[in-house]
Amino acid sequence: MAQQPITLIGGGLVGALLAQQLAQRGFAVEVFEKRPDPRLAGFLGGRSINLALAERGLQALRTAGLADDVLQRAVMMRGRMVHDRDGNSGLQRYGVDDSEVIWSVSRGALNMLLLDAAEAVGVRFHFGQSLVGADFGRQRIRLADEAGVERELDAGVLVGADGAGSAVRAAMNAHAPLGERIESLGHGYKELEIPPAGELPAAVLQLSGGHDQFALEPHALHIWPRGGYMCIALPNTEGSFTVTLFLPAQGAAPSFASLPDATAAAAFFREQFPGLLPLIPDFSKDFDSHPVGTLSTLYLDRWHLDGRALLLGDAAHAIVPFHGQGMNCGFEDTVVLANLLAEAPDDSAEVFAEFQRVRQPNADAIAAMALENYVEMRDSVADPHYLAKRELGALLAARIPTHYMARYRLVTFTHVPYAYALERGRAQDQLLEQLLRDAANVADIDIEAAAQLFQSKLEPLPRLRHG
Ligand code: FAD
Ligand code: E0Q
């Protein structure tokens, strides 16, 4: 069993799940979290933000023994419901059937569940405690409470799960440069809310295609693609949806800079998202009171300072959200790290180096795929060539499941390394493009010949572990 106590900074999604797994494996874990305890009364009733949980995150939760509890509070999403400007919509399934679905979960509820689970196995949380500095020579950290009062503390091994703006990373970088590179996407986001159907006028609901307490089809991730920008909406268990507008931050209209206030924004929505605006009764209040979030990809040369400090989750590899994999990737990190540490509890230097060796190529791969998916989502999901490729892919997936699986499915429904999914996706895409170049439409393609082409050019897929 482990002797080394671990000091974890950040009790968010990744920090809490890592803490639970480490404690389960016998480590003493102390977590310092900047924000107050979200489980305390007074926090409830804040706005609901949700995110998509897929197989990788679910598998990590299974390892921790928490998957069933989480799924009980999740809404299944079968695919993306694409809404065009004319008010038409259609479901693009994510997988081949209902065994391949993703789940909308509340960030707040999930975080609280993870905090409870970690505390139950002995993790000690210290809320309202921000890391503000670290002295790696003396193995001490500096913390500030909510009043700004600072104190110093001895810390053994330091793990940073403190998100994209990581203070642990800043402290490590000040001690010895990590080779940090932050690439801003140049687009921001803003969250808005569609309330449960009961809170909307009947005339509005007639057009929107909802069921029961939901104003829209509940079992889908809704997308309103508009070329250079888009809206999405994910369902919440109580019948509401969280809408996110993704839009260029600066520059000519439309951009956040070109929408100075809610009046201008409402006019923009009336024009571009006419079916969506009536579902957001508090549009002006939401738009004016919610900040514009920024989106960047973070790359580092080093994730650790020998055996003294390590970064994981967004602190090590923040990505853009367009594949819905940031948390899933961070959850995968926690299992890898907990396993490595359990195997060699007294060799954190080797464990941290191995963790980076294993995870960084995969973090780089999902970072690249997430960037690609933005263009795909806001642009191509309505594009005929894209749809033809999807159609041909579906035929091949049914005909030669050993040799073809869409990259989206490799990422979302399997545990193959992200780097493998990226590479395999490129090889498959080349063949699909080749077949589509020579045919006017998918119906003209000889599927038997296409299957043979894939089987002759590509290795069989590895054993794919489904849920
Ligand atoms: P965080 O969730 O940011 O948690 C960091 C924690 O550290 C916080 O609790 C914070 O308070 C604390 N902290 C920060 N600084 C300090 C400090 N100095 N001292 C102490 N504590 C500190 N991922 C998905 O898998 N699916 C999705 O659908 C999805 N959608 C997204 C949509 C948007 C708009 C965005 C922006 C991201 C989305 N993501 C999604 C990504 C996901 O949110 C992140 O990958 C995930 O939250 C990372 O978890 P984390 O614990 O590493 O960081
Ligand atoms: C998913 C699920 C924020 C966000 C989260 C997501 C997805 C998207 C578009 C976005 C990708 C997809 N996607 O539909 O292809 O699968 O999580 Cl914008």
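The values are calculated or read from the model by the stated rules, or taken from the named source; none is laboratory data. On a predicted model such as this, the values are computed, not experimentally measured, just so you know. Methodologically, a virtual Cβ is constructed for each residue, glycine included, from the backbone with ideal geometry; neighbour enumeration extends over all protein chains shown. Areas reflect the complete protein model, heavy atoms only, side chains present, ligands, DNA and RNA absent. Shrake-Rupley method; radii C 1.70, N 1.55, O 1.52, S 1.80 Å.
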HIS415 open to solvent by 10 Å² or more (accessible area, probe 1.4 Å), in a loop (DSSP other than H, G, I, E, B) and not charged (D, E, K, R): yes
Hits in the range 26-40 (condition: open to solvent by 30 Å² or more (accessible area, probe 1.4 Å), in contact (Cβ under 8 Å) with a residue 12 or more places away in the chain and over 20 Å from GLN4 (Cα atoms)): LYS34, ARG35, PRO36, ARG39
Long-range neighbours under 7 Å by Cβ, at least six apart or interchain, first residue within 16 Å of ligand 2 (Cβ to nearest atom) within the range 144-171, second open to solvent by 40 Å² or more (accessible area, probe 1.4 Å): ALA164/ASP314
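Per-residue answers, yes or no, for (1) touching a Cys at 6+ places or on another chain (Cβ under 9 Å); (2) open to solvent by 20 Å² or more (accessible area, probe 1.4 Å); (3) among the aromatic types (Phe, Trp, Tyr); (4) under 21 Å from LEU310 (Cβ atoms):
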site: GLN129; (1), (2), (3), (4): no, yes, no, yes
site: GLY148; (1), (2), (3), (4): no, yes, no, no
site: LEU153; (1), (2), (3), (4): no, yes, no, yes
site: GLU183; (1), (2), (3), (4): no, yes, no, no
site: GLY186; (1), (2), (3), (4): no, yes, no, no
site: TYR189; (1), (2), (3), (4): no, yes, yes, no
site: LEU192; (1), (2), (3), (4): yes, no, no, no
site: ALA197; (1), (2), (3), (4): no, no, no, no
site: HIS211; (1), (2), (3), (4): no, yes, no, no
Boolean, THR263 is in contact with a strand residue (DSSP E or B) (Cβ under 7 Å, 6 or more places away or on another chain) and either among the β-branched types (Val, Ile, Thr) or over 28 Å from ALA109 (Cβ atoms) (or both): no
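Conditions (1) under 30 Å from GLY188 (Cβ atoms); (2) in contact (Cβ under 8 Å) with a residue 12 or more places away in the chain, marked per residue:
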| residue | (1), (2) |
| --- | --- |
| TYR386 | yes, no |
| ALA398 | no, yes |
| HIS403 | no, yes |
| TYR408 | yes, yes |
| THR412 | yes, yes |
| ASP446 | no, no |
| SER456 | no, no |
Matching residues, the range 208-246, being aliphatic (A, V, I, L, M), more than 21 Å from TRP103 (Cβ to Cβ) and in contact with a helix residue (DSSP H, G or I) (Cβ under 8 Å, 6 or more places away or on another chain): MET230
Qualifying residue in the range 324-342 (condition: within 30 Å of LEU200 (Cβ to Cβ) and of a type in the set (Gly, Ala, Ser)): yes
Single residue of the range 312-369 satisfying the filter (of a type in the set (D, E, K, R) and not in a helix (DSSP H, G or I)) that is farthest from ligand 1 (Cβ to nearest atom): ASP346
Whichever residue in the range 46-66 is in a loop (DSSP other than H, G, I, E, B) and open to solvent by 20 Å² or more (accessible area, probe 1.4 Å) and, among such residues, is nearest to VAL336 (Cα to Cα): GLY65
Some residue of the range 175-191 being small (Gly, Ala, Ser), assigned to a helix (DSSP H, G or I) and either without any contact (Cβ under 8 Å) to a residue 40 or more places away in the chain or within 16 Å of ligand 2 (Cβ to nearest atom) (or both): no
Residues satisfying the stated conditions in the range 192-220, i.e. part of a loop (DSSP other than H, G, I, E, B), under 27 Å from the mean Cα position of the chain (by Cα) and not small (Gly, Ala, Ser): PRO195, PRO196, GLN213, LEU216, GLU217, PRO218, HIS219
Any hit, the range 263-276, residues being part of a loop (DSSP other than H, G, I, E, B) and farther than 24 Å from SER48 by Cβ: yes
Answer from LEU458, LEU387 - the residue that is open to solvent by less than 30 Å² (accessible area, probe 1.4 Å) and not acidic (Asp, Glu): LEU458
Selection status of ALA365, at pLDDT 95 or above and closer than 30 Å to LEU245 by Cα: yes
